[in-house]
Amino acid sequence: MTNEGYNPEEIKLLREECEEEGMNFVHCDDEDESMAENDELAHVQFVGEYKGQEVIYDAIIYTLRLHHSSLVYEKAVAQAQKVFPKYLPLDERGPGYKIKPEEEEEAEELITELIEAIEEEEEVKVKEHLEIDTEFEYGVGLDACLNVEAVTEEVITDFVNNFNKGTLKLDPTLYSFRNDEGDEE
């Protein structure tokens with residue numbers, strides 16, 4: 001099986017699409033409406049180099065705050081499942097999933113309390129990072145977590161420029177966030 005993200009024809013098509021848009025990247029068609037409305041996350045593709053070869057990068061770019069919230073939520077759910085082993089988050093429920101409504105309500109209240117405590121104690125700290133997935137099905141996969149308020153067109157353009165020039169500098173500082181009080185360091 002060949003990876004079409006390395007195919008010169010595919011790369012040429014993406015480069016032309018970027019030129020038409022007047023950008024150095026394009027948004028992926030699979031961005032659903034919830035992603036489009038979320039300014040903390042973007043799914044884009046751009047042309048770059050990997051090990052001296054031109055390639056299409058398929059990138060998910062998201063904010064540090066979103067990454068932090070996800071990790072805090074996962075930790076709270078894992079702790080709540082020790083008390084309510086039958087509880088599953090909505091995105092993990094299969095068609096045959098059943099839980100008593102009162103048990104579900106108690107579990108979700110516990111999760112809310114745990115999230116507040118985890119944030120209060122700053123148990124979860126995150127920093128900017130970049131993950132490259134060379135086993136990706138189309139081109140090279142890229143996960144980029146950036147310390148920005150929102151993933152705007154300007155943020156994406158700057159990221160792609162710096163990434164392709166090899167001048168991308170990631171902030172090594174560990175951050176923790178609270179939903180009610182803003183940033184904490």
### Query
Can you name the condition, by its number, that Val124 falls short on among (1) at pLDDT below 95; (2) closer than 30 Å to Arg15 by Cβ; (3) in contact with a Leu (Cβ under 6 Å, 6 or more places away or on another chain)?
(2)
### Query
Can you pull out the residues in the range 112-132 that are within 14 Å of the chain's Cα centre (by Cα) and either farther than 24 Å from Asn38 by Cα or open to solvent by 90 Å² or more (accessible area, probe 1.4 Å) (or both)?
Lys127, Glu131
### Query
When you scan the range 123-151, how many residues do you find that are in contact with a helix residue (DSSP H, G or I) (Cβ under 7 Å, 6 or more places away or on another chain) and among the β-branched types (Val, Ile, Thr)?
4
### Task
Kindly provide the set of residues from the range 147-161 that are in contact (Cβ under 8 Å) with a residue 60 or more places away in the chain and either within 25 Å of Glu19 (Cβ to Cβ) or open to solvent by 50 Å² or more (accessible area, probe 1.4 Å) (or both), ordered by number.
Asn147, Glu149, Val151, Thr152, Glu153, Val155, Ile156, Thr157, Phe159, Val160, Asn161
### Query
Yes or no: Glu137 exposed (fewer than 13 other Cβ atoms within 10 Å of the Cβ) and in a strand (DSSP E or B)?
no
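The values are calculated or read from the model by the stated rules, or taken from the named source; none is laboratory data. For clarity, every value in this text was computed on a predicted model and none was experimentally measured. So basically every Cβ, Gly included, is an ideal-geometry build from the backbone, and we count neighbours across all protein chains shown. Note: areas computed on protein heavy atoms with side chains; ligands, DNA, RNA excluded. Shrake-Rupley method; radii C 1.70, N 1.55, O 1.52, S 1.80 Å.
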